Ligand code: GLU
């Protein structure tokens, strides 16, 4: 196969959501699978609705997910002379024509056609008028009026459109700006795009685009249309059901690899494998295994994948990801090493980084007030001598290794005849404020002697005050 070149071509008129991002992902994966090129193109010809901040957000979203592009970003707004040149080619070939129909008249005619029960398509009034360029003239494409336009869709199989369904679409508006269907074809031709992978909502545009390719004498790319993603009840995704900006997933504590893995499975399968490393995705990805039925958004599955990746991520990397969430809670970490040790005690218990940061509070701040029920049970007067004894022994310890701490508590259980929980829970409350936490020895070792002794003193004050 010649070099594979794919593109992602969002319009910067809003945030990138799951659907658009999955399009980017599939194009990226297909390009990487074939050792090809992935292009980023910003379709910003709608000047009124396009915004610079969305361009930045699109770039940031792709970078966060690791979907790096090899060429671009190209901006359609900077390519207007090129589109004009291609418009001129079609005009010269007699395959396009000027049209000065007034938009208000067009609307009236459209309504009349509908009332007659006809298709509301352009009636071809200016087709043979031989108009020259004028200040209020659009350019229309002379669409074939019979026959059919067919292609073999790599996602959907054979598709055919009756050309009579299509009308002479405007390819350049009266203000000189090309329309989507035309600009996209010129871009895909001049950028050498070999595979157009996009959402199935673009299927009705494809026959129009194919006819423009043919009129320009250009070779067709392969088309692959992907299924949409629906909510569980079969409805469209909404704000509360998945339709949030991709960066909101980052802010909610999802890991990029979890989201990538999640998105790919919304429209593609490799047997019944659910978890894929990036390398595996690149190796296995193929258009033939894109799903035929819509993906269903399932937040529980995303959370499950996220917990998996939280567990799998090497601690230094996890620490780097967790740090902004800790900072968001107003905590300052002494260094990344400390955060990595903290993360190592929470990575099997947190579904998101938000949850993890929340569970890490006691590593960075005073754990008080103590959980009420636990305090009633484990911070009663009879606990004071036990805590005093543990404090004394910890004070004398030089090494806070797991073995040494284990030994300390083992000795105490055999000397006092008390159960481990009776000894450990008061300490746990002192250090974390709670009765449930990661392993106590890990916590003691991470907090370090000075902090542990300080917290034991505080808990002793608390117990004595109750007497
Ligand atoms: N700009 C189009 C969109 O955002 C993409 C067009 C295409 O992929 O051909 O839907």
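The values are calculated or read from the model by the stated rules, or taken from the named source; none is laboratory data. All values reported here derive from a predicted model rather than from experimental measurement. All Cβ positions, glycine included, derive from the backbone under ideal geometry; neighbour counts span all protein chains shown.
In the stretch 255-275, the residues that are under 19 Å from residue 353 (Cα atoms) form Cβ pairs under 7 Å with partners that are outside any helix (DSSP H, G or I) and at pLDDT 95 or above, at six or more places apart or across chains, as follows: 255/313; 256/66; 261/275; 261/276.
Evaluated against (1) more than 24 Å from residue 28 (Cα to Cα); (2) surrounded by fewer than 17 Cβ atoms within 10 Å (Cβ to Cβ); (3) over 21 Å from the mean Cα position of the chain (by Cα); (4) modelled with pLDDT of 95 or more, residue 207 falls short on exactly one condition, (2).
Which members of the stretch 435-466 meet the condition of being more than 39 Å from the chain's Cα centre (by Cα), under 23 Å from residue 334 (Cα atoms) and buried (at least 19 other Cβ atoms within 10 Å of the Cβ)? 452, 455, 456, listed by residue number.
This table checks each residue for (1) under 26 Å from the mean Cα position of the chain (by Cα); (2) on the phi > 0 side of the Ramachandran plot; (3) touching a residue at least 60 places away in the same chain (Cβ under 8 Å).
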{"site": "39", "(1), (2), (3)": "yes, no, yes"}
{"site": "43", "(1), (2), (3)": "yes, no, yes"}
{"site": "78", "(1), (2), (3)": "no, no, no"}
{"site": "84", "(1), (2), (3)": "no, no, yes"}
{"site": "87", "(1), (2), (3)": "no, no, yes"}
{"site": "108", "(1), (2), (3)": "no, no, no"}
{"site": "111", "(1), (2), (3)": "no, no, no"}
{"site": "116", "(1), (2), (3)": "no, no, no"}
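Could you grab me the full set of residues in the stretch 210-231 that are more than 19 Å from residue 287 (Cβ to Cβ) and under 19 Å from the mean Cα position of the chain (by Cα)? 230, 231, listed by residue number. The number of residues in the stretch 347-374 being crowded, with 21+ Cβ neighbours inside 10 Å and not in a loop (DSSP other than H, G, I, E, B) comes to 4. Step by step: first the residues of the stretch 6-33, then only those that are out of contact with any helix residue (DSSP H, G or I) (no Cβ under 7 Å at 6 or more places or on another chain) and farther than 11 Å from residue 58 by Cβ, then the one that is nearest to the ligand (Cβ to nearest atom). Which residue is that? Step by step, filter the stretch 6-33, then rank; the result is 23.
When you check residue 181 against the structure, is it closer than 18 Å to residue 99 by Cα, within 16 Å of the ligand (Cβ to nearest atom) and without any contact (Cβ under 8 Å) to a residue 40 or more places away in the chain, yes or no? Here the answer is yes, as residue 181 does meet what is asked. Can you confirm whether residue 212 is within 30 Å of residue 297 (Cα to Cα) and either buried (at least 19 other Cβ atoms within 10 Å of the Cβ) or within 16 Å of the ligand (Cβ to nearest atom) (or both)? So residue 212 fails the test.
The set of residues in the stretch 184-201 that are within 18 Å of residue 28 (Cβ to Cβ), surrounded by fewer than 21 Cβ atoms within 10 Å (Cβ to Cβ) and within 10 Å of the ligand (Cβ to nearest atom) contains only 199.
Test residue 276 against the stated conditions and say whether it is under 30 Å from residue 152 (Cα atoms) and touching a strand residue (DSSP E or B) at 6+ places or on another chain (Cβ under 7 Å).
The answer is no for residue 276.
Of all the residues in the stretch 34-58, those that are away from the ligand (no atom under 14 Å from the Cβ) and touching a strand residue (DSSP E or B) at 6+ places or on another chain (Cβ under 8 Å) number 2.
Just checking, does the stretch 149-167 include any residue being more than 12 Å from the ligand (Cβ to nearest atom), over 30 Å from residue 3 (Cα atoms) and at pLDDT 95 or above? For the stretch 149-167, residues more than 12 Å from the ligand (Cβ to nearest atom), over 30 Å from residue 3 (Cα atoms) and at pLDDT 95 or above: present. Applying the set (1) crowded, with 17+ Cβ neighbours inside 10 Å; (2) more than 22 Å from the chain's Cα centre (by Cα); (3) away from the ligand (no atom under 14 Å from the Cβ) to residue 65 leaves exactly one unmet item: (2).
Yes or no, residue by residue, for (1) touching a residue at least 40 places away in the same chain (Cβ under 8 Å); (2) away from the ligand (no atom under 12 Å from the Cβ):
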{"residue": "175", "(1), (2)": "no, yes"}
{"residue": "207", "(1), (2)": "yes, yes"}
{"residue": "222", "(1), (2)": "yes, yes"}
{"residue": "226", "(1), (2)": "yes, no"}
